[in-house]
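Asks: Structure incoming, see below.
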2 protein chains.
Amino acid sequence: MDTDLKYDSNGLISAIIQDDHSGEVLTLFYMNDVAVAKTLETKRVWRYSRQHQQLMQKGDTSGNFLNVRRVLYDCDADALVVRVNPIGPACHTGERSCFYRELP
Amino acid sequence: MDTDLKYDSNGLISAIIQDDHSGEVLTLFYMNDVAVAKTLETKRVWRYSRQHQQLMQKGDTSGNFLNVRRVLYDCDADALVVRVNPIGPACHTGERSCFYRELP
């Protein structure tokens with residue numbers, strides 16, 4: 001299903017997580033092929049945590065799951081936009097989006 | 001100005017380019033510190049092309065410049081959202097966004 005996607009030398013692809021309703025960009029995750037497959041299969045966002053070096057379902061510890069509406073891919077097939085309905089804040093800080101600060 | 005941003009081992013940071021008006025995600029670029037500085041200074045999007053291994057102003061060849069409205073950064077300070085007013089299509093294919101295809 002995702003055989004045409006291009007993963008980097010670490011086996012990862014960038015996944016931009018976007019609120020399907022508001023259009024707000026919530027966070028940027030990395031997925032391996034298993035995370036992509038599980039995201040499509042379960043309709044919830046899975047990611048590969050580079051810090052923990054493991055596959056994780058977003059919300060498994062916080063309860064703040066991201067329910068998937070659509071998954072788009074780009075012209076190079078090396079990046080995803082995952083449009084979601086978030087259950088609670090997407091950021092570990094408690095902010096709705098990780099992008100809550102602005103450069104001057 | 002961008003001294004708090006965290007660049008990866010190649011000196012790059014991910015920059016999600018988003019239409020400031022519609023909220024549509026247009027493309028995903030990579031920036032080095034010079035690209036970030038020039039983007040903030042000129043209010044137009046500059047990127048580091050990994051393919052061409054050089055700094056480029058988006059639109060220099062196509063005329064499809066991306067005028068910058070706001071630059072947001074995330075909780076880890078290792079990703080940007082650049083909100084823009086695009087002059088023409090952002091994708092080299094002629095599509096408005098690079099994310100014009102959907103996974104099943």
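Asks: Considering only segment A:4-37, state which residues are open to solvent by 60 Å² or more (accessible area, probe 1.4 Å) and farther than 19 Å from B:Cys98 by Cα.
Replies: Hits for segment A:4-37 are A:Ser9, A:Asn10, A:His21, A:Ser22, A:Asp33, A:Val34.
Asks: Additional query: So, in segment B:47-58, of the ones that are open to solvent by less than 40 Å² (accessible area, probe 1.4 Å) and modelled with pLDDT of 95 or more, which residue ends up farthest from B:Asn85 (Cα to Cα)?
Replies: B:Gln57
Asks: Also, quick follow-up: Could you list all residues from segment A:81-94 that are more than 7 Å from every other protein chain (Cβ to nearest Cβ), surrounded by 15 or more Cβ atoms within 10 Å (Cβ to Cβ) and out of contact with any helix residue (DSSP H, G or I) (no Cβ under 8 Å at 6 or more places or on another chain)?
Replies: Within segment A:81-94, A:Arg83, A:Val84, A:Pro86, A:Ile87, A:Pro89, A:Ala90 meet the criteria.
Asks: Right, something else. Filter segment A:95-104 down to the residues that are open to solvent by 50 Å² or more (accessible area, probe 1.4 Å) and either at the interface with another protein chain (Cβ under 10 Å from one of its Cβ atoms) or without any contact (Cβ under 8 Å) to a residue 60 or more places away in the chain (or both) and list them by number.
Replies: Answer for segment A:95-104, where residues must be open to solvent by 50 Å² or more (accessible area, probe 1.4 Å) and either at the interface with another protein chain (Cβ under 10 Å from one of its Cβ atoms) or without any contact (Cβ under 8 Å) to a residue 60 or more places away in the chain (or both): A:Glu95, A:Tyr100, A:Arg101, A:Glu102, A:Pro104.
Asks: Further question: Which of the residues spanning segment A:65-76 are within 14 Å of chain B (Cβ to nearest Cβ) and surrounded by 15 or more Cβ atoms within 10 Å (Cβ to Cβ)?
Replies: A:Val68, A:Val71, A:Leu72, A:Tyr73, A:Asp74, A:Cys75
Asks: Now a separate question. Among the candidates A:Gly59, A:Gly63, single out the residue that is in contact with a strand residue (DSSP E or B) (Cβ under 9 Å, 6 or more places away or on another chain) and on the phi > 0 side of the Ramachandran plot.
Replies: A:Gly59
The values are calculated or read from the model by the stated rules, or taken from the named source; none is laboratory data. Computed from a prediction, not measured in an experiment: that's the story for all the values here. In this analysis, Cβ positions are derived from the backbone assuming ideal geometry, glycine residues included, and neighbour counts consider all displayed protein chains. Ligands, DNA and RNA are excluded from the accessible area calculation, which covers all protein heavy atoms including side chains. Shrake-Rupley method; radii C 1.70, N 1.55, O 1.52, S 1.80 Å.
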